[in-house]
Structure formats: structure tokens, C-alpha cells
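To start, the structure under review is shown below, and the notes come after it.
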Amino acid sequence: MSFGAKDARQTFAAIPLIVVVNIAFNLCYNSMNNAFPSQACQMDLRLGGTQLNGAFFNIADAFAIVIFTPLFESCLYPLVGRMKGSPVRLGQKIIAGLVIAAISNVSAAILEFKRKEAPFLCGDAGFSQCAPGYAEDGSEGTRMKDISAFWIFIPFALVGISEILVNPCMYCFSYEAAPLEVRSLLQAFNLFFAGSVSNAFTAVVSKLLYPNDLDKGSLETYYLVNAFLAVIGIGVYFLITRCGDHGHEIRPVIEKELVVGALEEDEDSSDVDA
């Protein structure tokens, strides 16, 4: 089978959406790797007679994925489909994921405002063991604020929910939007922008806005800029999918209705026919 001009147009038409969605989503997602744990390290980490590490709270992201994936597939998607009269489409999942990713960073910004307003914990037990400047004897370092670090579960869990909505859909889009000959190439391009390129953008935003001292800096500004860029990404998404030749090329894939049950029925009927 030859790879012609139509196949090339189809391939290139998918690239702008892959770029925009991955950068918009992963700017918010990458907060989970650095900002959320650092923020937790300057909140009350005490549990019994010990302290948790800020990275511990990443478990909320994993739990959210494990818990909400079957709930979405078995309950939420069918319910929304019945309410709107058609199955939930791939593009609708992507937009919902970007919105929730933005909300995760907004919730972290609100939590940062609350953290700054809280008083410092007193005594030697008030020094954080995972914040900068901690001494092994516990005599100095960065004091924790009197607000439970378990509140950081909220933005972590919201990021997990957004992952359920965005990542599988982008893998599917990169596969469905590409001609057979270049499916692996377009999937690699998707992974490249999800990882290396999005991290490069995060590094720039962090360099400009991420404070060295959370109590003196404005971590909330970092979060709000990430959320704002995610909203901008949603706007650009609609421009790409609704306007110009690119929209006509990729719209059938974006409007694809992914109904797992229907696919299973088709496979069963095919087996019977065989």
C-alpha cells in the first residue's frame, strides 16, 4: 500500500492537537512531581510519633486512578451517555481532563494560601524532615505550618482523575488519526511531547515562578499560571478541531464514540459468524 499526499495531510493534521493537548495537560500534571510534594513538606507531616515524606502523598494519584477508572467506565460514561443521548466522545473526555487538571492546580493554589495563613508549629517537632535546611539532630531547618499535609491529597487525586481522561484518549487519537504506515511514528511523537517537551516547558515556568522559599515566594502564582495555560490549551483545541483544513482531517477521530460494550458485541458476533 502506497503512502500518498492524503495520508501525509492526515498525519500532519494530527500533530498540532498532539502538541497543544500534551503541553496544556502536562504543565498541570508536572506540578505533581515537584510542587505538590514540596508544598506538603512545609505542612504538618506528623503521623503518630513520626513524619511522612512529601512524596508519600503521591499515593493519592495512584489510588484515584485505580478507584475511578472502573467507576468512570461502568457508571459515569454510561450515565452521561444516556443523559446526552449519545456515548461520551474522545474529544469530550480530553476537554474534561484538561478542565480537571486546571482545577487540580487551582485547588493547590487555594491550599497554598491557607498554608501561608496558618501559624508555624512550635518546638523541635515542628521542623520538617523533607524541607530544605533540615539538620539530622532536628535542631534546625524549615518549620512546618499548622495545617495537615493530608489536604494535598485533593490536588493529587484530581491529577489522577485527569490522567484517566486525557492519557488513554491521546494514545487512542495518535493511533486512530494516523495512517497504518506511520502509526508507530505518530505514537512516538505523542510520547515525546508528553514527556521531554512538556518537561522543558515546565522547567521554563518553574524557573520564572517557582520560589526557593515557599513561605517568602508565591507558589500559588506558579499553580495559577499552569491552570491558565491549560484553559488556553482548551481554547486552542477548539480552534484546531473546528477551524481550517486541520479540523476537517481530524474531526472524525475526535468525534469517535468509544463504546467498549459495543466493541465487545461486535467481536462476539464476528466469532459467531466465523
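The values are calculated or read from the model by the stated rules, or taken from the named source; none is laboratory data. What you see is a predicted model, and the numbers here were worked out from it, not measured in a lab. Positions of Cβ are generated from backbone atoms using ideal geometry, with glycine treated the same way; all protein chains shown enter the neighbour counts. For accessibility, only protein heavy atoms count, side chains too; no ligands or nucleic acids. Shrake-Rupley method; radii C 1.70, N 1.55, O 1.52, S 1.80 Å.
Here the extension length gained between T50 and R82 equals 6.6 nm, from 0.36 nm per residue of separation less the Cα-Cα distance.
Extension gain, C122-N199: 0.36 nm per intervening residue step, less the Cα-Cα distance, totals 24.0 nm.
Tell me, for the chain, which Cys residues have no other cysteine's C-beta sitting closer than 4.7 Å. C28, C75, C122, C169, C172, C243 - these cysteines have no disulfide-compatible partner (Cβ-Cβ under 4.7 Å) in the chain. With a simple spin-label model that places each label point 7 Å from the Cα along the Cα-to-Cβ direction, the separation between R9 and V66 comes to 4.9 nm.
Binning all Cα-Cα separations of region 168-217 at 5 Å, short to long from zero, yields these whole-percent fractions: 5, 19, 18, 14, 11, 9, 9, 7, 5, 3, 1.
Return the carbon/sulfur percentage of the accessible area of region 65-114, one whole number, probe 1.4 Å, all protein chains in place. Before the final figure, lay out each step's value.
Working: 1940 of 2490 Å².
Carbon and sulfur: 78 percent of the exposed surface of region 65-114.
Note on the chain: helix-only mean residue ellipticity at 222 nm, from DSSP H runs of 4+ residues weighted -39500 (n - 2.57) and normalised by residue number, equals -21500 deg cm²/dmol. Distant-in-sequence amide contacts of R89, defined by a placed amide H-H separation under 5 Å and a gap of 5 or more residues or a different chain, comprise nothing.
Evaluated at q = 0.12, 0.16, 0.19 Å⁻¹, the base-10 log of the normalised Debye intensity for region 1-156, with identical point scatterers placed on the Cα atoms, takes the values -0.69, -0.95, -1.15. Taking every lysine pair in the chain that is 8 or more places apart or spans two chains, those with Cα atoms closer than 21 Å amount to 10. Rounded to the nearest 20, the size of the Cβ-charge dipole of region 20-113 about its Cα centre is 380 debye, with Lys and Arg at +1 and Asp and Glu at -1. Treating each Cα of the chain as an identical point scatterer and summing with the Debye formula, the log10 of I(q)/I(0) at q = 0.07, 0.15, 0.16 Å⁻¹ comes to -0.32, -1.09, -1.19.
Solvent exposure of the chain, expressed per residue, is 50 Å² of accessible area, with all protein chains present and a 1.4 angstrom probe.
Loop-located GluC sites (Glu not before Pro) in region 103-182 (DSSP state not H, G, I, E or B) with no more than 12 neighbouring Cβ atoms inside 10 Å: E136, E140.
Roughly how many percent of the accessible protein surface of region 154-197 is carbon and sulfur, given a 1.4 Å probe and a whole-percent answer? Here it works out to 71 percent. Against the main long axis of the alpha-carbon atoms of the chain, helix 198-209 sits at an angle near 30°.
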